[in-house]
Structure formats: C-alpha cells, structure tokens
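The values are calculated or read from the model by the stated rules, or taken from the named source; none is laboratory data. Quick caveat: nothing in here was measured; it's all calculated off a predicted structure. Here the Cβ positions follow ideal geometry from the backbone for every residue, glycine too, while neighbour counts run over all protein chains shown. For the accessible areas, the whole protein counts, side chains as well, though only heavy atoms, and no ligand, DNA or RNA atoms are used. Shrake-Rupley method; radii C 1.70, N 1.55, O 1.52, S 1.80 Å.
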Amino acid sequence: MTDVAARVQELLPSVRADLEELVRIESVWADPARRPEVHRSAELTSKLLSQAGFGDIRTVSAGGAPAVIARHPAPEGAPTVLLYAHHDVQPEGDSAQWHSPPFEPTERDGRLYGRGTADDKAGIATHLAAFRAFDGNPPVGITVFVEGEEESGSPSLPALLDAHRDLLAADVIIIADSDNWGVDIPALTVSLRGLADCVVEVATLDHGLHSGLWGGVVPDALSALVRVLASLHDDDGNVAVEGLHEATAAEVEFPDERVRADSGLLDGVRQIGSGPVVQRMWARPAITVIGIDTTPTALASNTLVPSARAKVSMRVAPGGDAREHLAALTRHLEAHAPWGARVTVTPGDVGQPYAIDATGPVYDAARQAFQIAWGREPIDMGMGGSIPFIAEFAAAFPDAKILVTGVEDPGTQAHSINESLHLGVLERAATSEALFLQALGNDSDR
C-alpha cells in the first residue's frame, strides 16, 4: 500500500496540470451562451481518461449536458467501483470580487484558486490520480462517470441512469463531491438534507396607486409579502412551518467560534435557531428567502406596489419527504397572507434527502485508507447542503455501497467568489481513494 501512496505523490504534478487545464474551460451549463464550453469540457475529460489508460470511453447525453463514462473491466472475482464527479461549474458571479481571474487557476499559500478547482473538477483529478496509481492495471473494475449538469440540479440524470444502467452498475460507488471537516481532518458524509423551493407571489391591487393618496388605507403588496415571509420563522429564527420532519445529527462538536469564523458572521450578529449547531445544520429543516422581485430602489416612486414575489428555498432533513415538505410550505404561505392579500405559490425544484448506513467491511476498508493517507480516521459528518442525485444512485443501484467523500474543506468557498482547493487535501484525497481501491482488490483475492 505504501507503494501506491508513493505513486500518487509522484503523479500529483501531472494531475494538477490536468486539473488546471480543466479549470480554464468555462463549463457553466446554467449559462446558455457557455454551453459549448461544457461540451469542450466533456471532450477534455474524455481525453484525460483515455490518456490515463481507459479503453472504453463514451460521451453520452439524455437531452441535457454531455456526460462521460469510462470503463476498465474488473479482474476475475473482483468488485467494480463507480467513481463519480461532475465537470460543470457554478457561474463565477462578479469577476471583480475575485482576487485572481476565476478561470485562470492561481496558487496562493498552498491553495489553488479558480472556479471549479474544488467543486468538482478536483473530483475528476482525484479519480485520475487514483486510477493512474496502478499504471493501467487496477485490482478492481473501475467505471468513471463524470456528469455535466450537476450544478443545474442534474435534471437528466435519472434518464442517464436508466439508459446506461448496465454500463454504470457497480458494487461500490464513490461520490467525490463533498466536504472534509478540515484540511487535516477527513470526513465521510453520512447524511444530506434534501431541497424544495417555490416562488410565492402576493397581490393586493390591480394597479399601482399614489402612496400619499391611498397610504394608510390600502395595503401594498411588498409589505404584505414581507409579513408572509417573516411568518416562516419564530423570534429565535426556528422554522415555524408545521408538519416538517427532524432527524438526528451525527455526534460531532461544532464550536460557536468556528461557526463565526467559517461563516463570516459580522460582529454583533447572532446565530438563528436553538439547540446544537450540527442538529440545526444537518438534521433540521431550514428555510431561506433567496430572491425578491419588486421595484428596484433606484426606480422607486411614491407608489403602492400592486404585486411582489419571492423565491423561497427549503432544506429537508434526512428521513423527510421533499414533496410533502413543499406541500406544507405552500399551505403555510397561503394561510399567512395578511389583510386578505392574494397569495399564489408556484412549486419549483425538489430533491430528496439521503442518509447512509456507513457500517460494514467496505466502510471499514475506507476508514483504514483514510487513516493511512491522513494520519487519522475520518469523522462521520452530515451535510446541510443537498446532493439529490445520491438518492437517484441509491434507487438505481440498491445493493451498492455508497461513499460520499470530497476534496473540499471549510475554506473552499464552493459556489462563492474566490473558490479554492487546498493542495494538501487533494493529495490526501487521491491517496485515500487509491488505497481504498487497493484494499478492495486485496479483499477479493482472499
């Protein structure tokens, strides 16, 4: 096993070069103007997998973004491992707020900055390093599946899994799209919240009115909308919608000072909600107002606004049903309209939560691989964010063991400006994966 770890270390410069080449491609599927870049990203991913030694490589689509499937057959009696990552990235936002160009990978203080350096082109790099560590002769079968629209909610993934079920069938699935507890503390993600969102529109008038003539008599829609949105939480910030599920979080301490440091809370701003931090982050529902449509302040006049709308996003605790939770949210919004205002709720995306029973020989082997690569076993952690496609994989391959790992850490700032990858984490993540593949192959020999 130490030979495998040493080989990964030798490969890191070339793997980093491959990662940087990927990062330079602006593969933002959410931007129609840059969809050709997503196709170019798939082409480069296919090329890199071919150079790594995969013989059977296909670029596939189910009406959406291109995905890449690469396969290496299993030796006699050995299991097959599916390695997942995605090659699309989030929009970069305001480029002026980046300390270096978002699509030009730049190293500073041991971190590689750029959109997709971590989420999730580093997942591709991790899989390349782990496979190449065996010089084209891994002890297990390996299938690499690199999706192209994860950041847009993976809308065509169910169709892809259905169309290519035989190609993607595996005994173990490694999803390299999650977080670590710290740059020196690895983690296995064992629970993820689901997601449901909607747009709520409030109307009070059939046209705008002079606020001086009618103010104090006729309600404006924006004030009504604000009251509706304020009803979603109690005074302590706990979610106030009835009928939502709460689970139990992994037993991990998350100090208040880390909350403030990792989140960037301003001085004087308090946390919301009550109870342990990890319970609130991983095992309870959360509701956030993520956008409002109304008159911009620069264009505001003394007018009672006739209608206004907001987008509301809800995270669903593991064990809950996202569709049922969206129905409960809808009922709440409709029931809390002040002054008889008309409320219309339009449902949006739904993604189911997932919990993993991370016990048994496969997970024991994974923890041992982490122990060797990181110098300590991983902790079991939840994830407040959502990766709905994990539930899709579990439904498609119910007998497969699923491991959710990743190359991110609290300083990564995925989806935000100045996203970065800790290069030491990349090395340890790739080493862990290679050692785990070696362990699975050794077990099949016994």
Here are the criteria: (1) under 24 Å from residue 398 (Cβ atoms); (2) surrounded by fewer than 16 Cβ atoms within 10 Å (Cβ to Cβ). Tell me which single one residue 31 does not satisfy. (1)
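Under the condition of being in a loop (DSSP other than H, G, I, E, B) and of a type in the set (A, V, I, L, M, F, W, C), which residue from the range 46-67 is farthest from the chain's Cα centre (by Cα)?
Only one residue tops the list, namely 54.
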Could you list all residues from the range 86-125 that are basic (Lys, Arg) and either outside any strand (DSSP E or B) or open to solvent by less than 10 Å² (accessible area, probe 1.4 Å) (or both)? 115, 121
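So which residues in the range 294-315 are among the hydrophobic types (A, V, I, L, M, F, W, C) and either open to solvent by less than 60 Å² (accessible area, probe 1.4 Å) or within 32 Å of the chain's Cα centre (by Cα) (or both), if there are any at all?
From the range 294-315, those among the hydrophobic types (A, V, I, L, M, F, W, C) are 298-300, 304-305, 308, 310, 312, 314; that's our starting set.
If the condition is that a residue be among the hydrophobic types (A, V, I, L, M, F, W, C) and either open to solvent by less than 60 Å² (accessible area, probe 1.4 Å) or within 32 Å of the chain's Cα centre (by Cα) (or both), then 304, 305, 308, 310, 312, 314 are the ones that fit.
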In the range 316-361, how many residues are closer than 25 Å to residue 398 by Cα and open to solvent by 30 Å² or more (accessible area, probe 1.4 Å)? 12
Please indicate, with yes or no, whether at least one residue in the range 15-31 is part of a helix (DSSP H, G or I), in the same structural domain as residue 143 (by the TED database) and free of Cβ contacts under 8 Å to residues at least 40 places away in the same chain. yes
Just one listed residue, out of 354, 363, is of a type in the set (Phe, Trp, Tyr) and under 17 Å from the mean Cα position of the chain (by Cα), and it is 354
Being more than 25 Å from the chain's Cα centre (by Cα) and open to solvent by less than 50 Å² (accessible area, probe 1.4 Å) narrows it down to one of 70, 78, so name that one. 78
Here are 243, 273, 237: which of them is over 30 Å from residue 74 (Cβ atoms), in contact (Cβ under 8 Å) with a residue 60 or more places away in the chain and out of contact with any Cys (no Cβ under 7 Å at 6 or more places or on another chain)? 243
Which of the residues belonging to the range 239-254 are exposed (fewer than 12 other Cβ atoms within 10 Å of the Cβ) and modelled with pLDDT of 95 or more? 242
Over the range 410-425, the set of residues in contact with a Leu (Cβ under 9 Å, 6 or more places away or on another chain) and either crowded, with 24+ Cβ neighbours inside 10 Å or modelled with pLDDT under 95 (or both) is 412, 420, 421, 422
Residue list for the range 288-326, restricted to those being in contact with a strand residue (DSSP E or B) (Cβ under 9 Å, 6 or more places away or on another chain) and hydrophobic (A, V, I, L, M, F, W, C): 289, 290, 292, 304, 308, 310, 312, 314, 316, 317, 322, 326
List every residue pair whose Cβ atoms sit under 7 Å apart, with the two residues 6 or more apart in sequence or on different chains, where the first one lies in the range 324-336 and is touching a residue at least 40 places away in the same chain (Cβ under 8 Å) and assigned by the TED database to the domain that holds residue 346 and the second, anywhere, is small (Gly, Ala, Ser) and open to solvent by 30 Å² or more (accessible area, probe 1.4 Å). 328/243
Qualifying positions in the range 224-281 - in a helix (DSSP H, G or I), of a type in the set (Lys, Arg) and farther than 22 Å from residue 190 by Cα: 227, 260
Every residue from the range 386-409 that is open to solvent by 40 Å² or more (accessible area, probe 1.4 Å), charged (D, E, K, R) and either part of a loop (DSSP other than H, G, I, E, B) or in contact with a His (Cβ under 9 Å, 6 or more places away or on another chain) (or both): 399
Can you tell me which of (1) part of a helix (DSSP H, G or I); (2) closer than 22 Å to residue 314 by Cα is the one residue 373 doesn't meet? (2)
